[in-house]
Amino acid sequence: MVQFAANLTMLYNEHPFLDRFAAAADAGFRGVEYLFPYDFPADALAEKLRQHGLTQVLHNLPAGNWGGGERGIAIMPDRVQEFRDGVARAIDYAGTLGCKQVNCLVGILPQDGDAAAAESTLTGNLAYAADALAGAEIKLLIEPINTRDIPGFYLNRTRQALDLIAKVGSGNLYVQYDIYHMQIMEGDLARTIEANLARIAHVQLADNPGRFEPGTGEINYPFLFKHLDAIGYSGWVGCEYKPKTTTDEGLGWFAPYKTEPAHA
């Protein structure tokens, strides 16, 4: 059966962040993910995971000035050292949290940016990060994101991500496949996931339009969940959506998949 992780950046915003772990566990989630752990001491987050019987499934590398609109720095030629410092920081956090995969948001290409320089910088940064993370037994992921939500984001389609992985040439670089983003950009979800299953290490979801919970839009999620089981997908599915009301009120779709809370 598909394993679901609550994205605590998007879900349970009715609670302070550190209280969201308990809320997710009470709802029946056994895993959690979120954009960044770096605003909190790693030991404090690890204690929340232990207390509520949760697995840390994923977090991102540091992605620059998020509040200022940056969405990653991996394509920026003048910030390679900052990127490498972020890799080291992510390894420290992931080690403490027991997190086995880290996502790299590659960044927004400025309108006057040099695409060739960006690609060269990105390839070198990903090679460096993949090697460093492999030494810590952590997978490196890259995520295509739709150009409607983040105009100018450098990585937009599954094929582009796969071609980049081939160019980097590392066995420790994988795709984070977000169903919502790829429904907007290319569709053909089931066949794309099946054809590229060996390189897809993590899946995320939200319905379209609106980025709300499954069952509110056009995507046939019951079919996709059965399909993931049928093709042997063994990773987690991160629930990275915006609840239409409260998180718990929108969890009807999750009822067939939930497990009993396992508080320590």
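The values are calculated or read from the model by the stated rules, or taken from the named source; none is laboratory data. Bear in mind the structure is a predicted one, so any value in this text is a computation, not a measurement. No Cβ is skipped: glycine too gets one built from the backbone with ideal geometry, and neighbour counts run over all protein chains shown. Just the protein is used for accessible areas: all its heavy atoms, side chains included, with ligands, DNA and RNA removed. Shrake-Rupley method; radii C 1.70, N 1.55, O 1.52, S 1.80 Å.
Mind listing whichever residues of the range 128-141 are crowded, with 18+ Cβ neighbours inside 10 Å and in a loop (DSSP other than H, G, I, E, B)?
Passing the criteria: only ILE138.
Quickly run through the range 190-234 and pick out the residues that are assigned to a helix (DSSP H, G or I) and under 22 Å from ALA166 (Cβ atoms). Show your work before the answer.
So the first thing to find is which residues in the range 190-234 are assigned to a helix (DSSP H, G or I), and the list is 190-195, 197-199, 221-230.
Across the range 190-234, the qualifying residues are ARG191, THR192, ILE193, GLU194, ALA195, LEU197, ALA198, ARG199.
Let me spell it out: the conditions are (1) open to solvent by less than 20 Å² (accessible area, probe 1.4 Å); (2) not in a helix (DSSP H, G or I), and SER170 meets all of them except one. Which number is the exception?
Here SER170 clears every test but (1).
Could you run through the range 235-251 and say how many residues are open to solvent by 60 Å² or more (accessible area, probe 1.4 Å), more than 16 Å from ALA25 (Cβ to Cβ) and either out of contact with any helix residue (DSSP H, G or I) (no Cβ under 9 Å at 6 or more places or on another chain) or not in a loop (DSSP other than H, G, I, E, B) (or both)? Talk me through it step by step, then tell me what you get.
Filtering the range 235-251 down to residues open to solvent by 60 Å² or more (accessible area, probe 1.4 Å) leaves 242, 244-245, 248-249.
Keeping just the survivors that are more than 16 Å from ALA25 (Cβ to Cβ) gives 242, 244-245, 249.
Filter again for either out of contact with any helix residue (DSSP H, G or I) (no Cβ under 9 Å at 6 or more places or on another chain) or not in a loop (DSSP other than H, G, I, E, B) (or both), leaving 242, 245, 249.
Counting residues in the range 235-251 that are open to solvent by 60 Å² or more (accessible area, probe 1.4 Å), more than 16 Å from ALA25 (Cβ to Cβ) and either out of contact with any helix residue (DSSP H, G or I) (no Cβ under 9 Å at 6 or more places or on another chain) or not in a loop (DSSP other than H, G, I, E, B) (or both) gives 3.
Counting only residues that are open to solvent by less than 80 Å² (accessible area, probe 1.4 Å) and part of a helix (DSSP H, G or I), how many does the range 142-162 have? Write out each step before concluding.
First, the residues of the range 142-162 that are open to solvent by less than 80 Å² (accessible area, probe 1.4 Å): 142-147, 149-150, 152-156, 158, 160-162.
Filter once more, keeping what is part of a helix (DSSP H, G or I): 158, 160-162.
Qualifying residue count, the range 142-162: 4.
When you look at TYR257, is it among the aromatic types (Phe, Trp, Tyr) and either without any contact (Cβ under 8 Å) to a residue 12 or more places away in the chain or buried (at least 22 other Cβ atoms within 10 Å of the Cβ) (or both), yes or no? Give the steps one after another, and end with the answer.
On the way: among the aromatic types (Phe, Trp, Tyr): yes; either without any contact (Cβ under 8 Å) to a residue 12 or more places away in the chain or buried (at least 22 other Cβ atoms within 10 Å of the Cβ) (or both): no.
Judged against the criteria, TYR257 is not a match.
Please count how many residues of the range 35-93 are open to solvent by 40 Å² or more (accessible area, probe 1.4 Å), out of contact with any Cys (no Cβ under 9 Å at 6 or more places or on another chain) and among the hydroxyl-bearing types (Ser, Thr, Tyr).
Summing the residues that are open to solvent by 40 Å² or more (accessible area, probe 1.4 Å), out of contact with any Cys (no Cβ under 9 Å at 6 or more places or on another chain) and among the hydroxyl-bearing types (Ser, Thr, Tyr) in the range 35-93 gives 0.
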